1. When V113 is evaluated against the numbered criteria (1) among the β-branched types (V, I, T); (2) open to solvent by less than 30 Å² (accessible area, probe 1.4 Å); (3) within 15 Å of the chain's Cα centre (by Cα), which criterion, by number, is the only one it fails?
2. Taking S141, is it polar (S, T, N, Q), open to solvent by 80 Å² or more (accessible area, probe 1.4 Å) and either modelled with pLDDT under 85 or part of a loop (DSSP other than H, G, I, E, B) (or both)?
3. Write out, first by first residue and then by second, each pair whose Cβ atoms fall under 9 Å of each other, whose residues are 6+ apart or on separate chains, and whose first residue, in segment 47-64, is farther than 18 Å from I24 by Cα while the second is among the aromatic types (F, W, Y).
4. Quick one: how many residues across segment 99-123 are modelled with pLDDT of 90 or more and not β-branched (V, I, T)?
5. I128 is checked against (1) aliphatic (A, V, I, L, M); (2) at pLDDT 85 or above; (3) under 15 Å from the mean Cα position of the chain (by Cα) and fails just one. What number does that condition carry?
6. Kindly indicate whether any position in segment 83-90 is in contact with a Leu (Cβ under 9 Å, 6 or more places away or on another chain), under 25 Å from I128 (Cβ atoms) and either part of a loop (DSSP other than H, G, I, E, B) or among the β-branched types (V, I, T) (or both).
7. Which number in (1) touching a Lys or Arg at 6+ places or on another chain (Cβ under 7 Å); (2) of a type in the set (S, T, N, Q); (3) open to solvent by 20 Å² or more (accessible area, probe 1.4 Å) marks the one condition that T66 misses?
8. Residues in segment 31-48 that are surrounded by 17 or more Cβ atoms within 10 Å (Cβ to Cβ) and in a strand (DSSP E or B): how many?
Amino acid sequence: IKVPYGGPAGIAVSPSGKTLYVTIVNQSGVVPIRASTGTAERPISVKERGYGIAISPNGKILYLATDTGISPIDIASGKPGSLIRVSSGAMSIAIAPGGNIAYVTNGSSVPGVITPVNLSTGVAEKQIRVPGGASGIAISS
């Protein structure tokens, strides 16, 4: 699938498998792509450049890792919600199966740190130190 606007930085797949959500290197926003056809839809604009991206288990909210935190995006409306601040920025993100906790890597800004974020309250919790660093993250169910 050819990604418009530049190279992909992050990708999330909808629970149905029908839509790919792609962040683009050095650009602000998310590009939805129909998986069956590879057709890009209208980009979703956000204020900051995104890196990693995850989708809620119910498929209703995208979470975009940005320079200053996590930007939740309502998929139905395409509207970003209030930024959830993560003290050292966010590089990669994964959502726990219950959908209430996100785990965020802080990339090169603070290597070796994962920040759990309570998505219900929008509060970053105590950071987890990871020897050797962490840039990507995934959670098994």
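The values are calculated or read from the model by the stated rules, or taken from the named source; none is laboratory data. Keep in mind the model is a prediction, meaning the values are calculated, not measured. Cβ sites come from the backbone with ideal geometry, for glycine too, and all protein chains shown count toward neighbours. What goes into the accessible areas is simple: the full protein's heavy atoms, side chains included, and nothing from ligands, DNA or RNA. Shrake-Rupley method; radii C 1.70, N 1.55, O 1.52, S 1.80 Å.
1. (3)
2. Yes, satisfied.
3. Pairs found: S56/Y63.
4. So the answer is 9.
5. Just one mismatch for I128, condition (3).
6. Scanning segment 83-90, I find at least one residue that is in contact with a Leu (Cβ under 9 Å, 6 or more places away or on another chain), under 25 Å from I128 (Cβ atoms) and either part of a loop (DSSP other than H, G, I, E, B) or among the β-branched types (V, I, T) (or both), so the answer is yes.
7. Exception for T66: condition (3).
8. The qualifying residues number 7.
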